[in-house]
Amino acid sequence: MTGTTLTWQALRDLKPGAFEVAGDTWHAVSGRSGADRARVDRLMTASLRETQRGESAGAALARLQRLSRNYHYLHTECGLLRTALNGLAADLAEPQRQLRHALDEAAELRFTIHDDGSVSYPAGTAATLVGRQDTPGGRAHASGRLPLDPAPGLGAPPPPVAPLNPNAEKAQAIADRIARAVRSAADIDHRYARTLLRLQAAKGLDITAATLADVARDTAGVRAAAGRHLGAAIPADGSPAELKAWWDALPEEQRREYLDIAPDLIGNLDGIPATARDEANRRLLPLLIGELAQRDDDGSRTKLEALRMLQDRLSRPSDPPMYLLGIGDEGNGRAIVSYGNPDTSRHVSAYVPGLGTRLNGEFVEDTMKRAEDTAIGARDVDPSSASIIWLGYDAPQLLDVMAEGDAQRGAPAYNSFMSGLDATNENRDPHLTAIGHSYGSLTVGKAATASGGIPGVDDIILLGSPGVGTQRAEDLGVGREHVFVGAADNDPVTHLPSKDEIALGGPVGVLATRDLLDEGNDDVYFGKDPASEAFGAQRFLVADGPGMIRDGGGFDAHSQYFTPKKDMASAANIAAIVGGRSQDLIREEHR
């Protein structure tokens, strides 16, 4: 259609399937190019490197590398063409549907559609003050404005005078709908035409490294044109199980479209398999880094530093291997990292961090290390284990820590994530463990006490908890024998006074009012002390940690639960629970 004025007749007779057929042809070329590149890289180049040396071998390798670049370019660009053509077909379907609906209505009313889109209507009868009168027929000329377009002129137009002939109003509405459908289709056609023209390559083009770098710009162009088409196909309101079923049903080439062109639409979707989320987020990571680098505020600079550090970590070999299951710059930043594949492992834990956690250097250097230590310890118990750090919410910063809002907002997101883990895990009955540390234990508590509890979870571990918003372990939905608590005696967070004690006694009078308000001395700020006998969980042995004042330890005892070098007992007990051997943990008496 490009290069000519689009008519309603052309839109009516358009066959979007022709674009899809053309896209399939380009896809076939893309597939052959990808296979040819694989043969060059894995067979010819690898064999030559292993068997040949010298100047001739070096020249041959250079030619093979050039051939590999050519195939890579063909594979990518032809894939982009296929996506653009499919997006064009999908986007044109809606204005075509609107046009045909208007034409059908005109035919039912026996109106005449003219070549210019105007609509002739017959004479009619209208009620007037002096009785019913015959009114002449006429012709309605369309306005091409879209519904949200501003009207011409400086002010709002006066309301139209209702026509006497009732057919006139109907004809005008049909003419306007025809014009809007044609205009919408023309805008779509123009947008995709620009994108497709940019994908044209000059004859005899030499594919250099610079040319391959330009592929990123081509990808962005196709993403801008076809993104709505790709996004509309995702069952956004579906459950994680429904999203998994949708993803599994997609042909491989459509999955590749999402991963190559719209990774931001896939990387954070619960229910998408871990390997696909990891690939999407690794593709998204440099784009997000580029966006943050353009901003000039402290929050963006903090996230930028963390993402660069994370990118460096992901580029190194690791054991267990790392999977990037989520990334984002909203709020204080988002990052979900798994150590080990959570889809193939029989035992999977997801740890929610607490107070002060945000996407910064400390998160990459320290908080992520806690999940890694857990994974390593659990794999010693059962090699089929994985551990996740879940920063999928805004953990409270210092001024917000005494409120429950962040936990209440984070709980649904955590439950959705856990539901996704349960849906994508390939084992018949995977063993899932929810871990909450510090304020993160309140988030886990809110998630567990929501309707239906935490999907798929078998065990819950609460570490350094200021309370979980409930009074009894059995309220968490997994049975009190499956709720485990680690609370260091010198961890000040586990000794926080209750809200009533603070309200009545104030910071100074808490000790004086404690026995009056908290007879068993087993209440903390967000409910019953999880380490207390009244709460009823399984308390396991942890090191006391350094005293806050006596030993000058500050909050050190609050941060060492996961770290074998600082608290071997706690780390070993966490590993036993996560690895499915809770019967092996070393217990500690309740407070």
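Just a few scattered comments:
- Fully extending the segment from M568 to R63 would add 176.2 nm, taking 0.36 nm per residue of separation and subtracting the current Cα-Cα distance.
- Cα gyration tensor shape of the chain, rounded if a/c is under 1.5, else prolate or oblate by comparing a/b with b/c: oblate
- Modelled this way, with points 7 Å down the Cα-to-C-beta line, the labels at I549 and R139 are 9.4 nm from one another.
- Looking at segment 325-584 alone, DSSP beta bridges between its own residues are antiparallel in about 30 percent of cases.
- Residues of segment 404-422 with an amide N closer than 19 Å to a point placed 7 Å from the Cα of R295 along the Cα-to-Cβ direction: none.
- Whether segment 236-392 is rounded, prolate or oblate, judged on the alpha carbon gyration tensor where a/c under 1.5 counts as rounded: oblate
- Packing here is the average count of other Cβ atoms within 10 Å per residue, and on that basis the peptides 347-360, 100-113, 183-196, highest first, run 347-360, 183-196, 100-113.
- R0 of 35 Å, Cβ-Cβ distance R132-T7: FRET efficiency to nearest 0.05: 0.35
- Note on segment 325-584: with charges restricted to the Cβ of Lys and Arg (+1) and Asp and Glu (-1), its dipole about the Cα centre is near 360 debye.
- Residue (of L325, Y561, V485) at the positive-pole extreme of the chain, dipole from beta-carbon charges: L325
- Just so you know, the Rg over Rh for segment 325-584 is 0.95, from Cα atoms, with Rh as the Kirkwood radius.
- Positive-end residue of G87, P396, A28, charge dipole of the chain with Cβ unit charges: A28
- With a cut-off of 10 Å between beta carbons, the residues surrounding A571 carry a summed charge of +1, where Lys and Arg count +1 and Asp and Glu -1.
- Total formal charge among the other residues, if their Cβ is under 10 angstrom from that of R472, Lys/Arg +1 and Asp/Glu -1: 0
- Every helix of 4 or more DSSP H residues in the chain counts as -39500 (n - 2.57), and over all residues that averages to -16000 deg cm²/dmol at 222 nm.
- Efficiency of FRET from Cβ geometry, A233 and A193, R₀ 22 Å, rounded to 0.05: 0.45
- Take each peptide in 442-452, 281-291, 326-336, count the other Cβ atoms within 10 Å of every residue, and average; sorted highest first, the result is 442-452, 326-336, 281-291.
- Segment 377-501 shape via C-alpha gyration tensor axes, a/c threshold 1.5: prolate
- Length available on full extension from K15 to M402: 0.36 nm per residue minus the Cα-Cα distance, which gives 133.2 nm.
Where a number appears in this text, it was derived from the coordinates with a stated rule and is not lab data. What you see is a predicted model; the values in this text were computed from it and never measured. A quick note on method: Cβ atoms are made from the backbone with ideal geometry, for glycine too, and the neighbour counts reach across all protein chains shown.
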